[in-house]
1. Of all residues in segment 380-404, count the ones that are in a helix (DSSP H, G or I) and modelled with pLDDT of 90 or more.
2. Which of the residues spanning segment 397-437 are among the polar types (S, T, N, Q) and open to solvent by 50 Å² or more (accessible area, probe 1.4 Å)?
3. Looking at segment 310-334, I want the residues that are more than 16 Å from Ile399 (Cα to Cα) and have a partner that is acidic (Asp, Glu) with Cβ atoms under 8 Å, at least 6 apart or on another chain. Which pairs are those?
4. Of the residues in segment 97-122, how many are more than 27 Å from Glu425 (Cβ to Cβ) and touching a strand residue (DSSP E or B) at 6+ places or on another chain (Cβ under 9 Å)?
5. If a residue has to be outside any helix (DSSP H, G or I) and out of contact with any Ser or Thr (no Cβ under 9 Å at 6 or more places or on another chain) to count, how many in segment 421-431 make the cut?
6. What strands (runs of 3 or more DSSP E) lie completely within segment 290-349 and have 3 or more residues being surrounded by 12 or more Cβ atoms within 10 Å (Cβ to Cβ), of a type outside the set (Ser, Thr, Tyr) and more than 29 Å from the chain's Cα centre (by Cα)?
7. Among the residues of segment 1-24, which ones are closer than 20 Å to Glu274 by Cα and either under 24 Å from the mean Cα position of the chain (by Cα) or surrounded by fewer than 15 Cβ atoms within 10 Å (Cβ to Cβ) (or both)?
8. Could you list all residues from segment 225-244 that are part of a loop (DSSP other than H, G, I, E, B) and under 9 Å from the mean Cα position of the chain (by Cα)?
Amino acid sequence: MTGYAEKLAAVGVNVPTLLVPKKGVDLNKWSVVACDQFTSQPEYWEAADEFVGDAPSALRLVYPEAYLGEADPQARIDSINATMQQYVDNDLFDIHENTMFLVRRTMAKGHGRWGLILALDLEHYSWEPDSTTLIRATEGTILDRIPPRKVIRQNAALELPHIMVLIDDPDATVIEPLAAKRDSLPEVYDTDLMLDGGHVQAWAITDDADLDQIADALTGLYKKLDPANPLLFAMGDGNHSLATAKSIWMDVRETIDESEWEGHPARYCLVELENIFDDGLTFEAIHRVMFNTKRADFEAELAKHCASFDVTEVADLDAMLEALETMPGQTFGYGDADGLAVYTVNAPEVVLAAATLQRVIDAMLADGTCPEVDYIHGDEVTLELGQRPGNLGFLLSPISKDTFFASMIADGVLPRKTFSMGDAEEKRYYMEARRIK
């Protein structure tokens, strides 16, 4: 290994060989949004299919989850694998060896974020809640979601990432220095994205000095961490895809000698790395509504998960939001048919209000005092549902970027549906590929 490669390997990073469609391929039709978006809106995927037509497209290389319930999923999987091989055999791709990409994504709404395309070493990743690995899941991994994804990946020639991974870099040492010198870097692509996806650009990072700067910056972040619990990379989106890659790698490990592990393509997974402090990276809270549930039952269960709690009545949504922003301690908004309030939880079991609330919800679902819960985007719709007779609505503040990593270290993985990184159209679009066979 070269000097930077050794330093990167020590923090779980590999410099990949990236594949991008050659000039002449319409990248507007090639690049498509992450397959786990618009799962209840097949019309979105039908529109994408009509837009792509017969052109080469990543749409033909992924399995939109809106179709997971179709009668013959294997037929689609076989088509995906055959198309991957066809694209490879037809020399569709330019090959960028030993390269990272600096990526600039601009949303349709105007804001943008920076990212860095690289490969993570799955030997340093775990989805277990009590993990102390360098790379970790942020939310609970649903193991039932892995097997169907393995069927798709295990015979695939290529991987295309929609995975976004976060680093805690308040001093902007890893990605931002590259962004500052982008005009001196070779441009790889520059294209609009279909169906209100905005725009994306990329520049190649191949120079030893640049790769060494990345290695040194990541090493600097690592050295600031607790050696007993060194959380360097936290999943932002796509954890089940990373978990699938890990599961396949664990299978492959059993079939090869340990001397063959290093450099094996199945050992790594392509991701987009992002600084959690990037101004263009938006965190949105996911709220809760409990249906046909009594407030007294909720408060009785809440009392089991803290020393005490206080309730402050508020007049309207604006007053609630102001209270959530200004009141100290762990708080969440509340609404039912009788009015609105803010709960302050004293000496809770866990750091985040979402974690406290989820423990209460899970217990009430288990004992039947809450027959149903839903997870809602949007303040107004949450309170509108919550204030219907028999329902309870709960408003959570967006998770703080300043405390995100610390919360994970303190509590382990976050409860499911704790946060969302932007709207569906703001999720990663497939563009780059990597050979995995």
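The values are calculated or read from the model by the stated rules, or taken from the named source; none is laboratory data. As the structure is a prediction and not an experimental result, all values here were calculated from the model. FYI the Cβ positions are ideal-geometry reconstructions off the backbone, even for glycines, and counts take in every protein chain you see. Just so you know, the surface numbers come from the protein's heavy atoms only, side chains and all, with ligands and any DNA or RNA stripped out. Shrake-Rupley method; radii C 1.70, N 1.55, O 1.52, S 1.80 Å.
1. 6
2. Scanning segment 397-437 gives Ser397, Thr403.
3. Leu317/Asp379; Leu317/Glu380
4. Here is the first cut: in segment 97-122, the ones more than 27 Å from Glu425 (Cβ to Cβ) are 97-99, 121-122.
From what is left, the residues that are touching a strand residue (DSSP E or B) at 6+ places or on another chain (Cβ under 9 Å) are 97, 99, 121-122.
Residues in segment 97-122 being more than 27 Å from Glu425 (Cβ to Cβ) and touching a strand residue (DSSP E or B) at 6+ places or on another chain (Cβ under 9 Å): 4 in total.
5. Of the residues in that region, 2 qualify.
6. Values: elements: 306-314, 330-336, 339-348.
Filter on segment 290-349 gives 306-314, 339-348.
7. Listed by number, the residues that qualify are Leu8, Ala9, Ala10, Val11, Gly12, Val13, Asn14, Val15, Pro16, Thr17, Leu18.
8. Gly238
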